[in-house]
Amino acid sequence: MSHDPTVNAGDIARLAGVGRAAVSNWRRRHDDFPQPVGGTANQPLFLLRQVETWLLRYGKSYQVSLADRVWQRLKAAGDLRLGELVAEAGALLTGGESALDAELAVMITELAREEGAAAAYDFLCERYLEAHSRQLSVTRDEVAALMVRLAVPEGGTVLDPACGVGTLLLATAGAVPGLRYLGQDLSVSSARIASARLRLGGHEAEIVHGDSMRRDGFAGAKADAVVCDPPFNERAWGYEELTGDPRWEHGLPPRGESELAWVQHCLTHVRPGGTVAILMPPAAASRKPGRRIRANLLRAGALRAVIALPGSDLWLLRRPAPGERPPSDVLIVDATDDLSAVEPAWRAHLEDRSEQTVRIIDLLADEVDMTPARHRRQEDLGRAFTEARDRFLAASAVPPDLKVLDQPLERPVTTVGDLIKEGLVAVLQAPPRMTADGGELPVLTADDVAQGTPPSGRTTPSAGLVPVLPGDVVASYSSVRVIGEPGGVLGPHLTLYRVDPRRLDAHFLAGFLRGAGGRATTGSSRFDARRTRLPRVSMEEQREYGTAFRQLADLEDALREASALGQSLIRLGLDGLIDGHLHP
């Protein structure tokens with residue numbers, strides 16, 4: 001690589017364990033602080049080696065893990081090559097040829113020895129997605145998991161024709177056993193990254209790059225399920241050259257309706273009886289240019305459900321078996337407030353006992369407008385608004401009453417690593433090859449920790465599983481939570497800290513872990529939790545700290561809930577005022 005690793009002010013703050021304001025003060029007060037070597041006036045970049053030298057000179061404690069050094073070396077090549085280099089790292093870790101320079105290859109190999117190849121690559125991919133969050137479209141974890149549960153059966157083959165870095169296929173790999181994975185993406189780097197992620201997870205996968213519309217990498221192949229989160233609103237999808245393509249069995253997609261091209265592409269690749277789960281822009285359910293194709297999909301019995309999710313709609317389609325009688329209705333559900341309502345509604349629809357269906361003949365007689373908000377059961381609207389308002393008003397928490405001190409308290413400190421050595425804390429992690437196959441045993445996931453929800457994963461009993469007990473402190477890369485209810489086992493990418501309750505308060509530990517981790521995760525690497533510093537104080541004072549930390553956590557949960565309820569309340573109020581079910 002042609003440049004040394006660089007860091008921004010946020011990275012420096014994380015490495016030194018201080019706030020960004022402290023870094024700004026260092027730059028103003030110390031003439032010998034390293035000068036920027038790039039970036040912008042608002043986001044300057046500094047040479048990492050110069051920053052390290054300066055921190056040592058002034059006795060500032062800092063930590064630069066091997067993972068952080070690898071990531072900074074990758075970033076040093078610039079944003080334009082970052083995806084390419086992450087892909088090369090994947091090739092190296094999967095035993096293929098890699099174009100990385102020798103020094104960086106040695107560092108990545110050493111990181112893989114320390115953390116395992118899969119965990120090391122997960123870390124690099126996680127940082128890559130954070131750095132390019134505006135350029136890379138990644139399906140939200142909870143939506144990806146929902147799509148998999150609705151569409152993907154055990155065994156067989158699953159295809160994602162717009163796989164990106166493999167998010168949907170990886171969600172499938174973690175939930176359904178015995179699958180073969182096919183994927184295609186326009187980006188060479190993304191396709192290589194997806195392939196490496198799946199292979200490092202021990203999965204059989206064939207990932208190709210290329211334009212799925214113009215150069216279908218799996219022409220003629222039939223999968224048992226297709227999952228897809230395609231690009232929205234693309235006008236240059238190949239309308240002119242693909243006018244006579246045999247995939248358009250339900251009609252030629254209009255030039256401005258690329259999403260309807262993706263729908264039919266996915267249907268082409270699913271076997272009779274197989275399911276397609278595809279995310280669509282909400283307007284695709286009602287736009288006039290797509291009316292004829294929506295009508296043909298309904299007549300053929302292919303389009304089975306339109307489900308409104310936050311920010312997009314989920315369409316569920318099925319290729320009918322030869323001679324199968326088309327259904328007479330379609331499921332239309334508004335699940336923007338509650339994703340948990342989707343699966344029961346879909347199962348009820350499959351069993352012909354749903355109350356949330358709309359007759360296809362009624363849709364065909366109208367504008368074939370399948371917008372879920374339009375088909376909400378009107379008699380429920382007033383009640384839904386009242387219930388949402390009551391829940392919103394009830395969503396509150398009291399912040400702690402904290403004393404303001406003129407000077408910070410000076411007290412002896414220790415570290416989490418010292419507490420572990422002294423036997424006050426035991427550290428546990430899930431098995432590296434944990435099977436998440438929809439078994440009967442609940443699994444606590446990283447999303448559960450972040451949202452404060454019960455275990456949502458499932459696995460089968462096996463050796464090495466870690467049960468989660470009340471009082472355990474569970475941490476992911478970005479969240480820390482004290483477990484209140486028993487049940488479930490520890491999921492992947494989580495660390496469990498089990499305290500000796502006679503000598504250490506769990507909420508006291510969780511608060512300091514979260515404070516240190518919250519600083520660290522704003523930068524480019526995970527932090528080393530064992531270096532987290534906390535004061536040595538009596539159990540009584542620990543409990544006082546623990547109470548304050550717990551009140552802050554409760555406040556955060558309440559704000560998150562209030563935000564979601566507020567959005568629901570606004571939407572229900574607008575709908576009710578417009579259609580006459582509510583009055584000022």
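Every read-out reported here was derived from the displayed coordinates using simple, explicitly stated rules and does not represent laboratory data. If you're wondering where the values come from, they're calculated on a predicted model, not measured in any experiment. Every residue, glycine among them, receives a Cβ derived from its backbone with ideal geometry; neighbour counts consider all protein chains shown.
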Can you compute the helix-only [θ] at 222 nm over the chain? Use -39500 (n - 2.57) per DSSP H run of at least 4 residues, normalise by all residues, nearest 500 deg cm²/dmol. -12500 deg cm²/dmol
The simple spin-label model distance between L80 and N233, using points 7 Å out along Cα→Cβ, in nm, is 2.7
Pair Q429, S563: separation of 7 Å Cα→Cβ label points (nm): 3.0
For the Cα atoms of the chain, what angle does the longest principal axis make with the long axis of helix 48-57, in degrees from 0 to 90, nearest 10? 30
Gap in Å between the Cα centre of region 93-111 and the Cα centre of region 411-428? 35
Distance between Cα centroids, region 530-584 to region 135-199: provide it in whole Å. 33
Among A99, G491, V138, whose Cα sits farthest toward the positive end of the charge dipole of the chain (+1 at Cβ of Lys/Arg, -1 at Cβ of Asp/Glu, about the Cα centre)? A99
Just want the answer: with Cβ charges of +1 for Lys and Arg and -1 for Asp and Glu, which residue in A295, V306, A223 is farthest toward the dipole's positive end in region 222-328? A295
So how far apart, in nm, are the two label points at D101 and L574 if each is 7 Å from Cα heading toward Cβ? 5.2
To the nearest 0.05, what FRET efficiency results for R383 and T547 with a Förster distance of 41 Å applied to their C-beta separation? 0.60
Stretched out fully, how many nm does the piece from R502 to R536 gain, at 0.36 nm a residue minus the Cα gap? 10.8 nm
List the aspartates and glutamates whose alpha-carbon lies under 13 Å from that of K421, not counting same-chain residues fewer than 8 positions away? D500
So, R0 is 45 Å and r is the distance between the beta-carbons of E556 and E355; what FRET efficiency does that work out to, to 0.05? 0.80
Fewest to most neighbouring Cβ within 10 Å: what's the order for M539, M370? M539, M370
Given all pairs of distinct Cα atoms, region 6-131 yields a Kirkwood Rh in Å of 15.6
Expressed in nm to one decimal, what extension gain is obtained for the pair S478 and E422 from 0.36 nm per residue of sequence separation less their Cα-Cα distance? 17.5 nm
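State to the nearest 20 debye the size of the charge dipole of the chain about its Cα centre, where the only charges are +1 on K and R beta carbons and -1 on D and E beta carbons.
The dipole of the chain has a size of about 700 debye.
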Among L565, P5, I332, whose Cα sits farthest toward the positive end of the charge dipole of the chain (+1 at Cβ of Lys/Arg, -1 at Cβ of Asp/Glu, about the Cα centre)? P5
Magnitude of the charge dipole, region 141-375, Cβ model with Lys/Arg +1 and Asp/Glu -1, debye to 20: 540
Segments 328-340, 451-463, 471-483 sorted - mean Cβ within 10 Å per residue, highest first: 471-483, 328-340, 451-463
Which of the peptides 303-314, 190-201 is most tightly packed, and how do the rest follow, judged by the mean count of other Cβ atoms within 10 Å per residue? 190-201, 303-314
Alpha carbon centroid spacing (whole Å) that separates region 246-302 from region 5-19: 48
Only residues of region 149-167 count here: report those whose backbone N is under 20 Å from the spot 7 Å along Cα→Cβ of E440, or say none. 154
When the chain is fully extended, how far beyond the present Cα-Cα distance does S61 get from H583, taking 0.36 nm per residue of separation? 181.7 nm
What dipole magnitude, in Debye to the nearest 20, does region 413-536 give about its Cα centre under +1 on Lys/Arg Cβ and -1 on Asp/Glu Cβ? 540
